[in-house]
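The next block holds one structure in the form of structure tokens; read it before the comments.
The values are calculated or read from the model by the stated rules, or taken from the named source; none is laboratory data. Predicted model, so just to flag it, every value in this text is computed and none were measured. Cβ atoms come from the backbone with ideal geometry, glycine included; neighbour counts cover every protein chain shown.
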Amino acid sequence: MSRGGAHRAVRSCDVLSRGALSRGALSRGALSRGALSRGAPTVGVSSAGGASSAVGGSSSVGAGTAMVPGARRPGPGEDGGGDLVVEARDLSLRFGGVTSLDGVSLRQHRGEILAVIGPNGAGKTSLFNCLTGAYRPQRGSVTFWPEPGRPTQLVGRRPHAITRLGVARTFQNIRLFPALSALENVQVGTEVRQRYGPVSAVFGLPGARRAEQEGVRRALDLLDLVGLRHRTHELAASLPYGEQRRLEIARALGTGPSLLLLDEPAAGTNPAEKRDLAGLIGAVAATGVSVLLIEHDMGLVMSLATSVVVLNFGRVIACGTPAAVQRDPAVIEAYLGVSDADADADVGDLGKDLR
Amino acid sequence: MRTLFSPARLRTLGATILLGLLAAVVTGPTGNSDEPLRAAWDSIAGVRIVPFLGLAVALWLVLTLGPQLRGPAAALAEPVRRPVGVAYGRRGGPVVVNLALLAIAVVAPLVVSTAAQQSMVNDIGIYALLALGLNVVVGYAGLLDLGYIAFFAIGAYTTAYFSSQSAMPWHAPFTLNPFFVFPVAVLLAALAGVVLGAPTLRLRGDYLAIVTLGFGEIIHLVANNADGITGGARGAFGVPHLSIHLLGIDYAWGIDPLPYYYLLLVIVVGVMIAFGRLERSRIGRAWAAIREDEIAAEATGVATLRMKLLAFAIGASVSGFAGVLFASKQFFNPQSFSLQASFFVVAVVIFGGMGSRLGVVVGAVVLQGLAFYLRDKVQPADRYIYFGAVIVVMMIFRPQGLVPSRRRRREIELSESGVGAADALGAAVPAGPRS
């Protein structure tokens, strides 16, 4: 595959953010490339300089950034980011000759529920793996704001460090700790920032005991939140599928994320479970956690997402409000196949993402 | 009765008879190279073969009729089993059981011969301690360390270096009481664990096993061949016994094994309590998470590399600690630190029950007890055949070990019901493709 400049049609997908609760009010055309600069005043001043320097001055990053049409003009003295929670720029990921991500850029605003959709093999999970440090992209940067005004470069950090910064995830095929109880699963999450060491643990020093109780308390609260309190002491592997999905979300929330990545949380769940799940995701977002969601179930995407990014063959082909994306001809052609009418039916059945 | 002789069962009968013949040959007279087949023939000819064939048929009967007998056997055992189970389930039950076990451990050496006492210290006690340490690495964190005995050697040679001017050609310019060698040896062993672990713990399963195997062999060979430093194959003589001269306490351990035994008992019980607390802490949970799904653990924020290093260092320091005790108790040479010793500790851990503190101690008692029992009965070289047989049988009928840990038992149950697969290291690998 040629890796020339031809694919540099970077579409920094940015949709006006208005928080999770005011969706539907978007007025902008999804595909207008210049959207960034016209958007909310803070948006244009993201950390272009900071990001490229954090990657060690990689020239490709600079080049990619420069080519974003009408993109950011870093304002002097600005901390960057505005209300962004994460910004991926020009991510490229190849496995040998297979290009999994090809200059993907996206930005997500704090409190937003952003859905990533796309056909199988479009690179959705690869994108997640780049954001969480499981894969290291060959090019591009990921800037994350644990809190406003504190941009942090994620590329090059190990997954656990990224999790501690506040990016938690779930997996497409559930990956719980099967022989640990539901409570213990969540505890692993709630304890990640605890610092007490083996000596305190062995001697049961007060600090360790307090931390332990705090971890249990938070874990139980989270089990309450996801409706699994009655399963507290049951083994993760013995829970029904839908509950395992929710337990995985609780474990991720245990790490105290400001950005939660959900990889097909509704896969394999029944309609009732989907409704519960939508309620849960909405509740999580309402607490101020930004949610980045890979989902094939268009019903869920439409009802939850503030905005949608569409990937195909490792590129962003569209982004915008759910409704706008659904009308987009490129999306219909690449992803939905035939027409809007069949979309809801088809898309729900799409299988797993290729890896 | 007709079904008793179905083809499948006849095949089983053939297999058990072959097994009986094999056992007869193995336990038979030792041959010589002039007449290689003579010994084998002598083993199976004559009346000698009768008990083996009898055992083979008995084994076959148990295997074929066993399932039918299980119900009545359970019914027979019920009057004993139930009260015990109820008592154990009651509040404080486990405490009572543990105290009873402790009482047995306290009284046991008083009723056996001096040779047995020696074995209870040198073999059972030391190996119980080693197994407890390796249990942290293998049982908790799920890392297969086949060179574990190297840290034991480091502890022993450190003791010889610091506590005696004559034990090794190379010695410290001053002499330390072995008691003060403990912290030094523990630190050195932990350091060795970190130095070995830091580059290798990025590797997964099999690779780690190979690297640790190599490390164990390097230490063994250096000990054996560095004549000018370690004394080579002759070993280290004259490391002084432990003694305390502190705060008015004056006590010296000596030739008598009993004081060593009780010292070891205190240490083993202390280590068991400490590791129990560790296992139930965030650190133990992080280890369990790594063992069950390393990728998920990492994504949940567990610093996997650091936690694995911690497990490695803790295991190594226990091993180094045991090395100090071992060196001050008795004469040692590089033979004590061979690969076989490493494998033996792994066998003790797996046999007793990975991840179970009581299990690995019981494993040390049973396997080393077996070794002691066989000492006068069979050729030393043959002993490992019996160990092998015991462990193979164990893995077939009770893969979770003698006294399995709660988590390990769950993992085995899960894998038997088709959820995940408990592999040799106790990891229940989630089904489905990996991301």
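Of all residues in the stretch A:150-191, those that are outside any helix (DSSP H, G or I), under 20 Å from the mean Cα position of the chain (by Cα) and either of a type outside the set (Phe, Trp, Tyr) or more than 10 Å from every other protein chain (Cβ to nearest Cβ) (or both) total 19. With (1) part of a loop (DSSP other than H, G, I, E, B); (2) away from every other protein chain (no Cβ under 12 Å); (3) hydrophobic (A, V, I, L, M, F, W, C) as the list, and A:Leu280 as the residue in question, which single condition is left unmet? Among (1) part of a loop (DSSP other than H, G, I, E, B); (2) away from every other protein chain (no Cβ under 12 Å); (3) hydrophobic (A, V, I, L, M, F, W, C), the lone unmet condition for A:Leu280 is (1). Answer yes or no as to whether A:Pro240 is within 14 Å of chain B (Cβ to nearest Cβ), out of contact with any strand residue (DSSP E or B) (no Cβ under 9 Å at 6 or more places or on another chain), over 21 Å from B:Ala311 (Cβ atoms) and surrounded by fewer than 21 Cβ atoms within 10 Å (Cβ to Cβ). Yes, satisfied. Where helices (runs of 4 or more DSSP H) fall entirely within the stretch B:294-390, those with at least 2 residues that are away from chain A (no Cβ under 14 Å) and free of Cβ contacts under 8 Å to residues at least 24 places away in the same chain are at B:357-374.
Per-residue answers, yes or no, for (1) buried (at least 21 other Cβ atoms within 10 Å of the Cβ); (2) within 12 Å of chain B (Cβ to nearest Cβ); (3) over 23 Å from A:Ser126 (Cα atoms):
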residue	(1), (2), (3)
A:Leu220	no, no, yes
A:Thr255	yes, yes, no
A:Ser258	no, no, no
A:Glu273	no, no, yes
A:Ser303	no, no, yes
A:Val308	yes, no, no
A:Asn312	no, no, no
A:Ile317	yes, no, no
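Residue count for the stretch B:26-48, restricted to those that are of a type in the set (S, T, N, Q) and either in a loop (DSSP other than H, G, I, E, B) or outside the structural domain of B:Leu13 (by TED's automatic domain parsing) (or both): 3. Residues in the stretch B:277-308 that are surrounded by fewer than 21 Cβ atoms within 10 Å (Cβ to Cβ) and under 21 Å from B:Thr200 (Cβ atoms): 5 in all. For the residues A:Ala250, A:Ala208, the requirement of being surrounded by 17 or more Cβ atoms within 10 Å (Cβ to Cβ), more than 10 Å from every other protein chain (Cβ to nearest Cβ) and of a type outside the set (Ser, Thr, Tyr) singles out A:Ala250.
Return a yes/no flag: does the stretch B:409-426 have any residue that is at pLDDT 80 or above and either within 18 Å of the chain's Cα centre (by Cα) or not in a loop (DSSP other than H, G, I, E, B) (or both). Within the stretch B:409-426 (the criterion being at pLDDT 80 or above and either within 18 Å of the chain's Cα centre (by Cα) or not in a loop (DSSP other than H, G, I, E, B) (or both)), the answer is no, since none of the residues qualifies. Out of the residues in the stretch A:227-236 meeting the condition of being within 28 Å of the chain's Cα centre (by Cα), over 15 Å from A:Val188 (Cβ atoms) and outside any loop (DSSP other than H, G, I, E, B), tell me which one is nearest to the other protein chains (Cβ to nearest Cβ). Restricting to residues being within 28 Å of the chain's Cα centre (by Cα), over 15 Å from A:Val188 (Cβ atoms) and outside any loop (DSSP other than H, G, I, E, B), the top hit is A:Arg231.
In summary, B:Ala141 fulfils each of the numbered conditions (1) surrounded by fewer than 21 Cβ atoms within 10 Å (Cβ to Cβ); (2) in contact (Cβ under 8 Å) with a residue 24 or more places away in the chain with the single exception of condition (1). Of the residues making up the stretch B:195-222, those that are over 22 Å from the mean Cα position of the chain (by Cα) and at pLDDT 90 or above number 3.
Set side by side, the residues B:Leu203, B:Leu242, B:Leu247 differ, and just one is touching a residue at least 12 places away in the same chain (Cβ under 8 Å) and aliphatic (A, V, I, L, M), which is B:Leu242.
Taken as a whole, the structure places A:Arg195 among residues that are farther than 26 Å from A:Glu234 by Cα, without any contact (Cβ under 8 Å) to a residue 60 or more places away in the chain and either within 10 Å of chain B (Cβ to nearest Cβ) or of a type in the set (Asp, Glu) (or both). Among (1) in a helix (DSSP H, G or I); (2) in contact (Cβ under 8 Å) with a residue 24 or more places away in the chain; (3) within 26 Å of B:Arg383 (Cβ to Cβ), where does B:Pro51 come up short? With (1) in a helix (DSSP H, G or I); (2) in contact (Cβ under 8 Å) with a residue 24 or more places away in the chain; (3) within 26 Å of B:Arg383 (Cβ to Cβ) applied to B:Pro51, the lone miss is (2).
Residues of the stretch B:24-47 that are farther than 18 Å from B:Asp382 by Cα and modelled with pLDDT of 80 or more: none at all. Of all the numbered requirements in (1) under 17 Å from B:Val271 (Cα atoms); (2) touching a Leu at 6+ places or on another chain (Cβ under 6 Å), B:Ser163 misses one, and that requirement is (1).
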